Amino acid sequence: MTTNVGRGLDAVFLRRLRFLIEFPLPEAEIRGEIWQRGAPLRS
């Protein structure tokens, strides 16, 4: 399961999870590269 709204998860549910991994937001340049690789614009 993945989410970007962790504060909306129930405390009881969170206790059942074994791992919680937070990924930092990449810099703007890297985000652009991720978008280009995942959904390249067609000309």
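Only the coordinates and a few stated rules stand behind these numbers; no lab work does. Everything numeric in this text was worked out from a predicted model, so none of it was measured. Here the Cβ positions follow ideal geometry from the backbone for every residue, glycine too, while neighbour counts run over all protein chains shown.
Out of curiosity, is Arg31 surrounded by 10 or more Cβ atoms within 10 Å (Cβ to Cβ) and charged (D, E, K, R)? In short, yes. For Arg42, state whether it is part of a helix (DSSP H, G or I) and free of Cβ contacts under 8 Å to residues at least 12 places away in the same chain. So Arg42 does not fit the description; no.
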